[in-house]
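Asks: Have a look at this one before I ask anything.
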């Protein structure tokens, strides 16, 4: 398999790792239906 | 009798799976009927892990597991690049849209995507935007649903010998039954079960060519230089493992965007965010949904290329013209009843999870966003009428599946582009741009849909060199631009500041 073809498989793994890192460092809030800002 | 003794594991696996789905629907029947918020969004009380699996199983369907997997037979391992775009849009959807949409819709008491447009924009065109988007859902999804039912019915026909029409009736009937019974509760919980099955099946399917060939290096050696020919009759040689030697990157980009962007625009995916129970659940789903999707795509998107290692020259010459049959061929060639039973049940799960989600969206759009806006009704009647609408629409889908129009697969792909170009700017602008207006939302929707139709039927196949440029690309850019420009030009129609303060 050439480099650019294998890069697709590597890219999916890299995306998953980056996403996990970003979400772990994000502040996430979820409000209830009756709650006002 | 002989046929039954050979196929009993497949029948048993399908029967157990259907029994579980119906049991879930039965279990949630009472809770779902308590009110509109319960039936439409499961009271926003579903754990993050269930939503995560449900999002994955709703987005991926038989089209992914049979159609896209088979496509790699003609396109080679480069087809995995489509999976990169899909994983990327899954991330974008959860990072950019998930938490904000959950937050704003709870504040606005919105339970559908069309009513979000109405409540968020609060302009003279809000109701028109709501009704336009609801009608788009009704007309654009029928082909998608009929396409899925068609794929599952063909599978039943080839595996169990069930007549096509009866197979379509069974798939649509069972899915309709548990969706009507438990509303969003049963759709999400059955989706979660189906998501687990789909992940397992992806892992099993990718292992089959390697086991058949006798190992990783043996299979890779077989497919790295094949004597098979392409659809045009040219020798493949090392094309299966060489970047874009059998398909252009523009084409990969078109499919990657048009299908991947469904995750940021189609109501069946977006409405998943409404039901997440709390911040912990949201964080879990934001991390794990791209993992579930990414892992399954790693297994599935190059599968067809690997199947070349299981085929003779004659078999490859047939399959290159019928890529939808590649997965079925692989299972038949491997000839293991237990493996076939697991995979076929998983493929049904892939189809039914998407079908159920769309059925509910269609019912809520027809009753909550069209009927109830046209002639308001008491809340007690909304759920009952939504159930009736789902049954009626399922009947129409059955007819469309039994008498499919020519090019139904093309219609399915086209409807995905309509959603991305029509819905995304209004959703994204609504979530992030305080200055976005109802006029911007309404006209960007119209322009996006019109541009999709014009590019597809008037330009793409008539102008040389543009065949591989999918309608999603020009239509999406035009629609986004229209939203920004029209919102700026119609600033006087912005909702009152106190309304915006409550949302943002």
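The values are calculated or read from the model by the stated rules, or taken from the named source; none is laboratory data. Please read these numbers as outputs of a predicted model, since none were measured by experiment. Cβ atoms come from the backbone with ideal geometry, glycine included; neighbour counts cover every protein chain shown.
Asks: Within the range B:453-465, is there a residue that is touching a residue at least 60 places away in the same chain (Cβ under 8 Å), more than 23 Å from residue B:268 (Cβ to Cβ) and out of contact with any helix residue (DSSP H, G or I) (no Cβ under 8 Å at 6 or more places or on another chain)? Spell out the reasoning first.
Replies: Taking the range B:453-465 and keeping what is touching a residue at least 60 places away in the same chain (Cβ under 8 Å), we get none.
Within the range B:453-465, none of the residues are touching a residue at least 60 places away in the same chain (Cβ under 8 Å), more than 23 Å from residue B:268 (Cβ to Cβ) and out of contact with any helix residue (DSSP H, G or I) (no Cβ under 8 Å at 6 or more places or on another chain).
Asks: Hey, does the range B:3-24 have a residue that's in a helix (DSSP H, G or I), more than 14 Å from every other protein chain (Cβ to nearest Cβ) and over 30 Å from residue B:336 (Cα atoms)?
Replies: There is at least one residue in the range B:3-24 that is in a helix (DSSP H, G or I), more than 14 Å from every other protein chain (Cβ to nearest Cβ) and over 30 Å from residue B:336 (Cα atoms).
Conditions (1) facing chain A (nearest Cβ under 10 Å); (2) part of a helix (DSSP H, G or I); (3) over 21 Å from residue B:260 (Cβ atoms); (4) modelled with pLDDT of 95 or more, marked per residue:
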| site | (1), (2), (3), (4) |
| --- | --- |
| B:71 | no, yes, no, no |
| B:82 | yes, yes, no, yes |
| B:90 | yes, yes, no, yes |
| B:94 | yes, yes, no, yes |
| B:97 | no, yes, no, yes |
| B:118 | no, yes, yes, yes |
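Asks: Out of the residues in the range B:491-504 meeting the condition of being surrounded by fewer than 18 Cβ atoms within 10 Å (Cβ to Cβ) and in contact (Cβ under 8 Å) with a residue 40 or more places away in the chain, tell me which one is farthest from the other protein chains (Cβ to nearest Cβ). Walk me through how you get there before you give the answer.
Replies: Filtering the range B:491-504 for residues surrounded by fewer than 18 Cβ atoms within 10 Å (Cβ to Cβ) gives B:491-492, B:496-502, B:504.
Going one step further and asking which of them are in contact (Cβ under 8 Å) with a residue 40 or more places away in the chain, we end up with B:491, B:496, B:499-500, B:502, B:504.
Values: B:491: 23, B:496: 15, B:499: 12, B:500: 11, B:502: 6, B:504: 8 Å.
Ranking the candidates gives B:491 first.
Asks: What is the one condition in (1) touching a strand residue (DSSP E or B) at 6+ places or on another chain (Cβ under 8 Å); (2) surrounded by fewer than 19 Cβ atoms within 10 Å (Cβ to Cβ); (3) on the phi < 0 side of the Ramachandran plot that residue B:226 does not satisfy?
Replies: If we test residue B:226 against (1) touching a strand residue (DSSP E or B) at 6+ places or on another chain (Cβ under 8 Å); (2) surrounded by fewer than 19 Cβ atoms within 10 Å (Cβ to Cβ); (3) on the phi < 0 side of the Ramachandran plot, just (2) comes out false.
Asks: Same structure again: Tell me the residue from B:353, B:340 that is under 17 Å from the mean Cα position of the chain (by Cα) and closer than 30 Å to residue B:211 by Cα, please. Step through it out loud before you land on a result.
Replies: Details: B:340 fails: under 17 Å from the mean Cα position of the chain (by Cα).
Checking each option against the conditions leaves just B:353.
Asks: Still on this model: Would you kindly identify the helices (runs of 4 or more DSSP H) lying entirely within the range B:241-335 that contain at least 2 residues that are within 11 Å of chain A (Cβ to nearest Cβ), in contact with a helix residue (DSSP H, G or I) (Cβ under 8 Å, 6 or more places away or on another chain) and free of Cβ contacts under 8 Å to residues at least 60 places away in the same chain? Working first, answer last.
Replies: Numbers: elements: B:249-260, B:267-274, B:279-300, B:303-307, B:313-319, B:326-334.
Where helices (runs of 4 or more DSSP H) fall fully within the range B:241-335 and carry at least 2 residues being within 11 Å of chain A (Cβ to nearest Cβ), in contact with a helix residue (DSSP H, G or I) (Cβ under 8 Å, 6 or more places away or on another chain) and free of Cβ contacts under 8 Å to residues at least 60 places away in the same chain, they are B:279-300.
Asks: Only one of B:76, B:35 is within 14 Å of another protein chain (Cβ to nearest Cβ), surrounded by fewer than 22 Cβ atoms within 10 Å (Cβ to Cβ), farther than 26 Å from residue B:286 by Cα and in contact with a helix residue (DSSP H, G or I) (Cβ under 9 Å, 6 or more places away or on another chain). Can you tell me which?
Replies: On the way: B:76 fails: surrounded by fewer than 22 Cβ atoms within 10 Å (Cβ to Cβ).
Result of the check over B:76, B:35: B:35.
Asks: Taking the stated definitions as given, is residue B:429 under 30 Å from residue B:497 (Cβ atoms), at pLDDT 95 or above and crowded, with 18+ Cβ neighbours inside 10 Å? Walk me through it before giving the result.
Replies: On the way: under 30 Å from residue B:497 (Cβ atoms): yes; at pLDDT 95 or above: yes; crowded, with 18+ Cβ neighbours inside 10 Å: yes.
Yes; evaluated as a whole, the condition is true for this residue.
Asks: Restricting the range B:453-486 to residues that are in a loop (DSSP other than H, G, I, E, B) and closer than 17 Å to residue B:418 by Cα, which is farthest from the chain's Cα centre (by Cα)?
Replies: Within the range B:453-486, the first condition is being in a loop (DSSP other than H, G, I, E, B), and the residues that meet it are B:461-471.
Pick out the ones that are also closer than 17 Å to residue B:418 by Cα and you get B:469-471.
Details: B:469: 22, B:470: 18, B:471: 18 Å.
Of everything passing the filter in the range B:453-486, B:469 is farthest from the chain's Cα centre (by Cα).
Asks: Pairs needed: first member in the range A:10-33, at the interface with another protein chain (Cβ under 8 Å from one of its Cβ atoms) and without any contact (Cβ under 8 Å) to a residue 60 or more places away in the chain; second member anywhere, surrounded by 12 or more Cβ atoms within 10 Å (Cβ to Cβ) and assigned to a loop (DSSP other than H, G, I, E, B); C-beta distance under 6 Å; at least 6 residues apart or different chains.
Replies: These pairs meet every condition: A:30/B:278.
Asks: If you don't mind, another one. Say we look at the range B:39-51 and pick out the residues that are part of a helix (DSSP H, G or I) and within 12 Å of another protein chain (Cβ to nearest Cβ); which of these is nearest to residue B:193 (Cα to Cα)? Outline the logic, then answer.
Replies: Just the residues of the range B:39-51 that are part of a helix (DSSP H, G or I), to begin with: B:39-44, B:48-51.
Okay, now just the ones that are also within 12 Å of another protein chain (Cβ to nearest Cβ), so B:41, B:43-44, B:48, B:51.
Details: B:41: 18, B:43: 20, B:44: 19, B:48: 14, B:51: 11 Å.
Only one residue tops the list, namely B:51.
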